[in-house]
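Okay, so here's the structure we're looking at.
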Amino acid sequence: MSNVSANSEYVSYLDHQGKYKGIMSWIMATDHKRIALLYMYSIMTFFIIGVVLGIMMKLEMLTPGETIMKAKMYNSVFTLHGILMIFMVVIPGLSAVFGNFFLPIHIGAKDVSFPKLNRFSWWIFVVGSIMAVLSQVLKDGPPDTGWTFYAPYSTTTSSNVIMATAAAFVLGFSSILTGLNFIVTIHQLRAPGMKFFNMPLFPWALYATAWIQLLATPVIGITLLMLIAERAFHIGFFDPALGGDPLLFQHLFWIYSHPAVYVMMLPAMGVITEIIPTFCQRQIYGYKAVAVSSLAIAGVGFLVWGHHMYTSGMSDTARWFFSLLTFIVAVPSAIKVFNWITTMYKGSIDVKPPFLYALAFIFLFIIGGTTGLLLGSVATNVQVHDTSFVVAHFHYIIFGGMGFAFFAAIHYWLPKMYGKMYDFKMANIGLVINFIGFNLLYFPQFIIGIQGMPRRYFDYPAKFQPAQLVSSIGGFILVTGLIIMIYTLVKGARKGAPAPANPWRGSTLEWQIPSPPSVENFDEEPVIKENPYDYK
Amino acid sequence: MSQHTAHIEEHRDDEASKLGMWLFIFTELLLFGGLFLVYSIFRMQYPVEFRECSLELSVTIGAINTVVLLFSSMTVAMSMTAIQKNDMKKALLYIGVTLFCAAIFLVNKYFEWSGKFHHGLYPGSELMTHLDRGHHLYFSLYFFMTGLHALHIIIGMTLLFVCYFKVRKNTIHSQDYVLLENSALYWHLVDLIWIFLFPLMYLIS
């Protein structure tokens, strides 16, 4: 907007007039940048609903016994919270929003390979989301199985499981199509001169993610179809009375759902890998190690699903094997953490909100990751299985990791996406409150988890009262922080000062083009550098 | 690059389309892969019952359907060659034959299924719930797998129908036939899955 306004040909993608006008210019958009914003608005909507459900649970847990809702209602609330947050927020999250926006730009392309398919995948995302919401209001009552839909309960409960699983199936389709689109885009549309190892590391992370989306999602698809058939026709696959095996459902479910954790985490790691070099003005340490570790995580991540099932009934051999693989998959993640920290060494660090969010990410991710190892070893797992320790662990990974990476990404790229800048001071205040609230909310759950507080219970003995109280207070602090953050960002995007093309002195391609970008991203052929992180 | 509006619509990359189709085929293989996994587990648990049940299926109809599908895979490949040689008449003929074979397959399937239904054997039926476990699981798998496969036949037929009309309208021609190529690829996949389903369901006695 600033340095190219003299160029008469430049029209920002936000102002561009295509075939469609008004709201239709968004619904019918094939521009990857507009689709990214569509995803962002829908995902933020579901995120806010998910947060409201979360805070309802925290209110319920404020005192022992019934506080604001009955046990049955609590089941439905955590189920919907899980379905919304997992299938509609964190799985599409980073790749559908920032992946869509920046993958083509990072590799010097004008769009993804299949723009219409991209639009289609947003449409079915919306259809799936509507189905998920419908499952809550239809007459059989909201599903109460938890987001994991474990058999045999999911095959026998009278609640609306079919609609909810069908929704997850449709949402999975959207995820597959996004992944397919990204793989083809990376193979076909890299600008001339950009080899795989010249790409920035965010596309690398998205590439690994896309393969997981592509290869794992069909498995949950067929599993959910089997579950639907089980309910509708009693096919018996998961019903011991008919010869089936409920454990089979758990296996099939986690064959997808464990890799799905990496669908959430890999793009988050990719975002952090972009932010750290920019704000340290330093070449990323160990480019190839970071790139290949993404693929390693994706590959090994397929083979660790059994660690969700140590107490479900598995042979000891299977358990130590899955345990070993779980420890192996932690190695590439640790490589990334070491490389991020080493990149900072002797860098000229510019402490701005995106960088602070990245630091918060690293801090929370280390806690989440190391407690993951506790859960990955069989002996400790058996002790804390299905306790709030697990809840704390995966919220540290998914919210502290993926969520804070999402916040980091939006603070990093908002000036590029909207051409406006937000208020740093307010953003920092939001960050500090978020960080404090988050830790107060989840850390006590590690402690009471070890002491035996089960997950998914709406009641607890009085001895857990202090920790639950701290946790609930943390929840309210976190919500305050989120409100400040969203307010700051929305205000910045609408009325902020115009942002320059390269506010952070970044070196990747998105910073070489105007903010916001034009419809075709590159009005002149981009100059491809051999090293995407070329800081002098 | 001054025509901002037109560019994205005009972008054409056959390589990308084909790669996209191959990736989609991977997802289909994994979709069926889940079912083959379930099949292998239950067959390991109930080998005798699975064998007994497979005797209930008509190997003749199954074999006819296998030959029909293999033949249709050939004709769809021949339609590709015809398009490349710009021989529209032959291309239309071969797509037509492929569609005809697909229809024969479905008609056979219909008779097979309705025969079972006639005896009260269908998912969720009274009879099914009284079968013992291995038999129950076999027929559940049979209906689930062949049903899902039949659905894929219908999707493949829809694609080939679209191709048929596009060839007639001359929007698929010797310079631009990637849609037909992708539909043919998909058709081969449908054929391939059947090649595995047939022995696993019909020939294990």
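General observations
Residues checked against (1) within 14 Å of chain B (Cβ to nearest Cβ); (2) at pLDDT 95 or above; (3) part of a helix (DSSP H, G or I); (4) in contact with a helix residue (DSSP H, G or I) (Cβ under 6 Å, 6 or more places away or on another chain):
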position: A:Asp144; (1), (2), (3), (4): no, no, no, yes
position: A:Ala151; (1), (2), (3), (4): yes, no, no, yes
position: A:Leu171; (1), (2), (3), (4): no, yes, yes, yes
position: A:Leu177; (1), (2), (3), (4): yes, yes, yes, yes
position: A:Thr185; (1), (2), (3), (4): yes, yes, yes, no
position: A:Phe202; (1), (2), (3), (4): no, yes, yes, yes
position: A:Ile212; (1), (2), (3), (4): yes, yes, yes, yes
position: A:Pro218; (1), (2), (3), (4): yes, yes, yes, yes
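Yes/no per residue for (1) over 21 Å from A:Tyr533 (Cβ atoms); (2) of a type in the set (Val, Ile, Thr):
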position: A:Met314; (1), (2): yes, no
position: A:Val329; (1), (2): yes, yes
position: A:Met344; (1), (2): no, no
position: A:Tyr357; (1), (2): no, no
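- The set of residues in the range B:32-48 being surrounded by 19 or more Cβ atoms within 10 Å (Cβ to Cβ) and either facing chain A (nearest Cβ under 9 Å) or not in a helix (DSSP H, G or I) (or both) consists of B:Phe32, B:Gly34, B:Leu35, B:Val38, B:Phe42, B:Tyr46.
- Filter pass, B:Ser72 being touching an Asp or Glu at 6+ places or on another chain (Cβ under 9 Å) and more than 30 Å from A:Phe238 (Cβ to Cβ): yes
- Residue check, A:Val112 more than 14 Å from chain B (Cβ to nearest Cβ) and touching a residue at least 24 places away in the same chain (Cβ under 8 Å): no
- Residues that are in a helix (DSSP H, G or I) and either within 8 Å of chain B (Cβ to nearest Cβ) or not aromatic (Phe, Trp, Tyr) (or both) within the range A:187-200 comprise A:His187, A:Gln188, A:Asn198, listed in sequence order.
- Residue tally, condition at the interface with chain A (Cβ under 9 Å from one of its Cβ atoms) and either assigned to a helix (DSSP H, G or I) or modelled with pLDDT of 95 or more (or both), over the range B:110-134: 4
- Residue check, A:Thr317 assigned to a helix (DSSP H, G or I) and buried (at least 18 other Cβ atoms within 10 Å of the Cβ): no
- The selection criterion, being in a loop (DSSP other than H, G, I, E, B), away from chain B (no Cβ under 14 Å) and either out of contact with any Ser or Thr (no Cβ under 8 Å at 6 or more places or on another chain) or surrounded by 22 or more Cβ atoms within 10 Å (Cβ to Cβ) (or both), holds for A:Ile68.
- Any hit, the range A:517-524, residues being more than 14 Å from chain B (Cβ to nearest Cβ) and either not in a loop (DSSP other than H, G, I, E, B) or not aromatic (Phe, Trp, Tyr) (or both): no
- Residue count for the range B:136-156, restricted to those that are more than 10 Å from chain A (Cβ to nearest Cβ) and more than 9 Å from the chain's Cα centre (by Cα): 3.
- Candidate set: the range A:146-166, residues that are over 19 Å from A:Val89 (Cα atoms) and either polar (S, T, N, Q) or without any contact (Cβ under 8 Å) to a residue 40 or more places away in the chain (or both); chosen: the one surrounded by the fewest Cβ atoms within 10 Å (Cβ to Cβ): A:Ser158
- When residues of the range B:11-31 are limited to those that are at the interface with chain A (Cβ under 8 Å from one of its Cβ atoms), part of a helix (DSSP H, G or I) and of a type in the set (Asp, Glu), the one nearest to B:His173 (Cα to Cα): B:Glu15
- Note on the range A:227-256: residues that are surrounded by 24 or more Cβ atoms within 10 Å (Cβ to Cβ), part of a helix (DSSP H, G or I) and within 8 Å of chain B (Cβ to nearest Cβ) amount to 1.
- Qualifying residue in the range B:77-94 (condition: part of a helix (DSSP H, G or I), within 14 Å of chain A (Cβ to nearest Cβ) and surrounded by 15 or more Cβ atoms within 10 Å (Cβ to Cβ)): no
- Among the candidates A:Ser121, A:Ser76, A:Ser95, residue that is hydroxyl-bearing (Ser, Thr, Tyr), away from chain B (no Cβ under 14 Å) and over 28 Å from A:Tyr457 (Cα atoms): A:Ser95
- Looking across the range A:10-30, the residues that are of a type outside the set (S, T, N, Q), more than 8 Å from every other protein chain (Cβ to nearest Cβ) and assigned to a loop (DSSP other than H, G, I, E, B) come down to A:Tyr10, A:Tyr13, A:Leu14, A:Asp15, A:Tyr20, A:Lys21, A:Gly22, A:Ile23, A:Met28, A:Ala29.
- Total residues in the range A:330-346 satisfying the condition of being of a type in the set (Gly, Ala, Ser) and over 17 Å from A:Pro267 (Cβ atoms): the figure is 2.
The values are calculated or read from the model by the stated rules, or taken from the named source; none is laboratory data. A quick note: this is a predicted structure, and the numbers were derived from the prediction, not measured. Virtual Cβ from ideal backbone geometry, glycine too; neighbours counted across all protein chains shown.
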